[in-house]
1. Just checking, which of B:ALA92, B:ALA87 is without any contact (Cβ under 8 Å) to a residue 60 or more places away in the chain and either closer than 23 Å to A:GLY97 by Cα or surrounded by 14 or more Cβ atoms within 10 Å (Cβ to Cβ) (or both)?
2. Just to be sure before I move on: is B:LYS78 in contact (Cβ under 8 Å) with a residue 12 or more places away in the chain and either within 23 Å of A:LYS44 (Cα to Cα) or open to solvent by less than 70 Å² (accessible area, probe 1.4 Å) (or both) in the structure I sent?
3. Which fully enclosed strands (runs of 3 or more DSSP E) of region A:1-97 have 2 or more residues being touching a residue at least 60 places away in the same chain (Cβ under 8 Å), crowded, with 18+ Cβ neighbours inside 10 Å and within 15 Å of the chain's Cα centre (by Cα)?
4. Could you list, in sequence order, the residues of region B:1-41 that are free of Cβ contacts under 8 Å to residues at least 40 places away in the same chain and within 12 Å of another protein chain (Cβ to nearest Cβ)?
5. Would you confirm whether any residue within region B:95-107 is more than 10 Å from chain A (Cβ to nearest Cβ) and open to solvent by less than 20 Å² (accessible area, probe 1.4 Å)?
Amino acid sequence: NAGVTQTPKFRILKIGQSMTLQCTQDMNHNYMYWYRQDPGMGLKLIYYSVGAGITDKGEVPNGYNVSRSTTEDFPLRLELAAPSQTSVYFCASSYGGRGETQYFGPGTRLLVL
Amino acid sequence: AQSVTQPDIHITVSEGASLELRCNYSYGATPYLFWYVQSPGQGLQLLLKYFSGDTLVQGIKGFEAEFKRSQSSFNLRKPSVHWSDAAEYFCAVAGRSGGGADGLTFGKGTHLIIQP
């Protein structure tokens, strides 16, 4: 099993550009999550999904969109990139909700200039 | 609302010495608590977790943690550290700081440095 994979590993965007961060898991997990990690700030939840077709906002959803059309994939969309979105983005998945172990991908480093 | 505090931003320990990383949480009910480790440039890996039962939990890589409800703490310990333990350590509680059961609320992390 590859676990949770994320692409790209690194990207530079100009202000106002859009992009999609890809996340795929092969563990047949129902729950998937997107977090962002800023230096010295820990991880904060952006969006999450409890199954295909179901998504909900986390702590810091502004400026992002998600969709979940399959169990395996959970892409994160940035429509109008802003410098404040410079961060490292982690995707995670878990079999169930509260209390289940979350498995993390290697992360995508995004720089918005 | 849930919150997690890791009081120590950086900790330096000599190789072979013991380690304790502190974590305090705020949660209204019985918390689900986690410790994750992040090596440089990597994702997060679960070290251990606590749901209920025995308050001393064992994890991978020789780590253990003790849940103390009276002190709202879940400190991570290791009797003898190795140079490979140098990493960022995150304590987390299940649930979101703005409410809701799903997702994790993380502390800001403790950066562990190992001296030879």
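The values are calculated or read from the model by the stated rules, or taken from the named source; none is laboratory data. These figures come from a predicted structure and were not determined experimentally. Cβ: placed from backbone, ideal geometry, glycine included. Neighbour counts: every protein chain shown. The area values use the complete protein model at the heavy-atom level, side chains included, leaving out ligands, DNA and RNA. Shrake-Rupley method; radii C 1.70, N 1.55, O 1.52, S 1.80 Å.
1. Going through B:ALA92, B:ALA87 in turn, the sole match is B:ALA87.
2. Details: in contact (Cβ under 8 Å) with a residue 12 or more places away in the chain: yes; either within 23 Å of A:LYS44 (Cα to Cα) or open to solvent by less than 70 Å² (accessible area, probe 1.4 Å) (or both): yes.
The answer is yes for B:LYS78.
3. Values: elements: A:4-7, A:10-13, A:19-25, A:31-37, A:43-51, A:54-57, A:64-66, A:76-78, A:87-94.
Counting at least 2 such residues, we get A:4-7, A:19-25, A:31-37, A:87-94.
4. Narrowing region B:1-41 to residues free of Cβ contacts under 8 Å to residues at least 40 places away in the same chain: B:7, B:28-30, B:41.
Matches in region B:1-41: B:ALA29, B:THR30, B:GLY41.
5. Of all residues in region B:95-107, those more than 10 Å from chain A (Cβ to nearest Cβ) come to none.
Checked against the condition, which is being more than 10 Å from chain A (Cβ to nearest Cβ) and open to solvent by less than 20 Å² (accessible area, probe 1.4 Å), region B:95-107 yields no hits at all.
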